[in-house]
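**Student:** First the structure, which I've put down as structure tokens, then a few questions once you've had a look.
The values are calculated or read from the model by the stated rules, or taken from the named source; none is laboratory data. This structure is a prediction, so every number in the text was calculated from the model and none was measured. Cβ: placed from backbone, ideal geometry, glycine included. Neighbour counts: every protein chain shown. Heads up: the accessible areas ignore ligands, DNA and RNA and are worked out on the full protein's heavy atoms, side chains in. Shrake-Rupley method; radii C 1.70, N 1.55, O 1.52, S 1.80 Å.
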Amino acid sequence: MDRQIKILQDKNSYLDLRRQERVTLLEILDRALEKGVVISGDIVISVADVDLVYLGLKVLLSSVETMERLRGAPLSGAAEEPT
Amino acid sequence: MRLYVYAIIDSNPEGIVLPIPFSRQKSRDPDLSGKERTNSGVEESIKGLSEAPVYTIPYRDIGIVVSDLDPQVQIETKESILKHEEVVEALMDRFTVLPMRLYTVFSKKEDMFLKVKNHYEDFVENLDRVRDKREYGIKVIWAGDIIKERIINAHKNESPAHPEQSGIKFMKEKFEKYKIDKEFEEEADRCIAIVDGFLSRHASEKKLEKLKTDNLLLSASYLVDNEKRDDFKKAFEELKSSGGDLKFMLSGPWPAYNFITLSHSVDGKFGGPDLIETILQHKDPEKKEGRDE
Amino acid sequence: MSKTVETDSLEIFANEMEKVKGALPKKIEANPENAEKGLAKLVLTLIELIRKLMEKQAMRRVEAGSLTDEEIERVGETLEKLENKMKELKEIFGLKDEELNLNLGPLGDLM
């Protein structure tokens, strides 16, 4: 399950917000989460999903490497039996 | 200690690089004949995340607005978001502001300077472009569900069912949906053109997003010069009164979140050809960079 | 500091905007337990992209009348198989349609 960034302590407190606050918060999020000056800090708190694509690909590559290592051979052309 | 970055600002119009009261650095007051004096007593620095004082780190003729952030602190909270926005808005009154995306954090000052250095020309260009302008958000809701119903019903009587091959049947259904969506979008475009017609003449730039949901006809941002602010608001009022069934929301003034353009819109290794290069490097053990996030 | 958010229809806007964002951004956790699911999501998202593009292209060709009946039949059969296969895979990995999208930050959503 994707870990959801808990922007609010719990869902109920969000619904408790007055409508005005909800909409204002949504308007802020609409801007500040993806827009503005978009450069990554060196700490990836990772809100923009471009980081996620990179992360996903890293995971993909790691998985491939791990699998190759476990099999003891590169994936392409391997004639081993599965362990 | 981390640095949380709120915004990039231009220098004080009088040419003083370190804006009072956000700077921790000492200022030189010519009246005191070269004696240095601190900023304390002028105004208290505004507070940012975790109530840390906000200050400016100068870089050439621009300023990087930051506050210190304890490494342990969780910042994905509503409070942080509101604080971020509060700081940015306080800056907006005094300077030209390029707001940072939320959660731009650096553990090393040097890395921050490197990023700022890489984008310096971009920042200057953006500052010039958005100077004395504010962003306004316009959202419009229409009865999308009802309009779609209407279109669907209009299409219903068109092709009587008769035995068909499965592939053709599939395509027919898809095609009908395609036609319905297309007509729906054309209707939306017509409506949006009317809305935009009222507003865009008072703006220097605009960004329009249509149909983020079926009912959210338009989500738009307009960059409006301060001098045209009243004209823009008047046009919005006119739009509201002639808008029929449409529902409107105006928000602002915001700093120019939607109008920042960086020549490398995605940073460092995360975009375009760099991404492919990074993947290839990762695959080849000899070329591994060992860059960690 | 005169920020305003003004509208006569707060509730309606709140609801629509929440649909768009879900109000809570998501993050793929790359730990062993859900690395697999994160991976599946990424792969399926890309396949969906291609599938939708192909479907759209097919529709344009039908609209332009540049396909023979036989071609329509064959393309339809293939697209249908593909759609069903994707439904299966989504079920297997417990992924919903809305989840198969990528937000590319300043570039907007992938689909």
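**Student:** Which residue pairs have Cβ atoms closer than 7 Å, lie 6 or more positions apart in sequence or on different chains, and pair a first residue in the range C:70-87 that is more than 9 Å from every other protein chain (Cβ to nearest Cβ) with a second residue that is among the β-branched types (Val, Ile, Thr) and surrounded by fewer than 17 Cβ atoms within 10 Å (Cβ to Cβ)?
**Tutor:** That search, which allows pairs on different chains as well, returns C:Met86/C:Ile47.
**Student:** Could you check how many residues of the range B:88-127 are polar (S, T, N, Q) and either part of a loop (DSSP other than H, G, I, E, B) or more than 10 Å from chain A (Cβ to nearest Cβ) (or both)? I'd like the intermediate steps shown before the answer.
**Tutor:** First, the residues of the range B:88-127 that are polar (S, T, N, Q): B:96, B:104, B:107, B:118, B:126.
Restricting the remaining residues to those that are either part of a loop (DSSP other than H, G, I, E, B) or more than 10 Å from chain A (Cβ to nearest Cβ) (or both) gives B:96, B:104, B:107.
Final tally of qualifying residues: 3.
**Student:** Name the single residue, out of those in the range B:54-76 being more than 29 Å from B:Asp132 (Cα to Cα) and either among the β-branched types (Val, Ile, Thr) or open to solvent by less than 40 Å² (accessible area, probe 1.4 Å) (or both), that is farthest from the chain's Cα centre (by Cα).
**Tutor:** If we take residues in the range B:54-76 being more than 29 Å from B:Asp132 (Cα to Cα) and either among the β-branched types (Val, Ile, Thr) or open to solvent by less than 40 Å² (accessible area, probe 1.4 Å) (or both), then B:Val73 is farthest from the chain's Cα centre (by Cα).
**Student:** Which condition number in (1) at pLDDT 95 or above; (2) under 30 Å from C:Ile72 (Cβ atoms) is the one that B:Met171 fails?
**Tutor:** Here B:Met171 clears every test but (1).
**Student:** Give C:Ala23, C:Ala58 a once-over and let me know the one that is within 13 Å of chain B (Cβ to nearest Cβ), in contact with a helix residue (DSSP H, G or I) (Cβ under 9 Å, 6 or more places away or on another chain) and at pLDDT below 70.
**Tutor:** Values: C:Ala58 fails: at pLDDT below 70.
It is C:Ala23.
**Student:** Return only the number of the condition from (1) over 17 Å from B:Leu262 (Cβ atoms); (2) in contact (Cβ under 8 Å) with a residue 40 or more places away in the chain; (3) open to solvent by 20 Å² or more (accessible area, probe 1.4 Å) that B:Glu79 does not satisfy.
**Tutor:** Against the list (1) over 17 Å from B:Leu262 (Cβ atoms); (2) in contact (Cβ under 8 Å) with a residue 40 or more places away in the chain; (3) open to solvent by 20 Å² or more (accessible area, probe 1.4 Å), B:Glu79 comes up short only on (2).
**Student:** For the range B:187-204, what are the residues that are open to solvent by 60 Å² or more (accessible area, probe 1.4 Å) and of a type outside the set (Gly, Ala, Ser)?
**Tutor:** First, the residues of the range B:187-204 that are open to solvent by 60 Å² or more (accessible area, probe 1.4 Å): B:189-190, B:193-194, B:201, B:204.
Result: B:Asp189, B:Arg190, B:Ile194, B:Arg201.
**Student:** I would also like to ask the following. Just to be sure I understand, how many residues within the range B:44-53 are open to solvent by 40 Å² or more (accessible area, probe 1.4 Å), under 12 Å from B:Val88 (Cα atoms) and part of a loop (DSSP other than H, G, I, E, B)?
**Tutor:** 1
**Student:** Would you mind finding the one in B:Arg134, B:Arg150 that is out of contact with any helix residue (DSSP H, G or I) (no Cβ under 7 Å at 6 or more places or on another chain) and either open to solvent by less than 40 Å² (accessible area, probe 1.4 Å) or part of a helix (DSSP H, G or I) (or both)? Spell out how you get there, then give the answer.
**Tutor:** On the way: B:Arg134 fails: out of contact with any helix residue (DSSP H, G or I) (no Cβ under 7 Å at 6 or more places or on another chain).
Just one listed residue meets the conditions, B:Arg150.
**Student:** Being within 11 Å of chain C (Cβ to nearest Cβ), assigned to a helix (DSSP H, G or I) and basic (Lys, Arg) is true for just one of B:Lys228, B:Lys207, B:Lys169. Which residue is that? Walk me through it before giving the result.
**Tutor:** Details: B:Lys228 fails: within 11 Å of chain C (Cβ to nearest Cβ); B:Lys207 fails: assigned to a helix (DSSP H, G or I).
So the residue among B:Lys228, B:Lys207, B:Lys169 that is within 11 Å of chain C (Cβ to nearest Cβ), assigned to a helix (DSSP H, G or I) and basic (Lys, Arg) is B:Lys169.
**Student:** So B:Phe175 passes all but one of these: (1) within 28 Å of B:Ile81 (Cβ to Cβ); (2) open to solvent by less than 70 Å² (accessible area, probe 1.4 Å). Which condition number does it fail?
**Tutor:** Answer for B:Phe175: the failing condition is (1).
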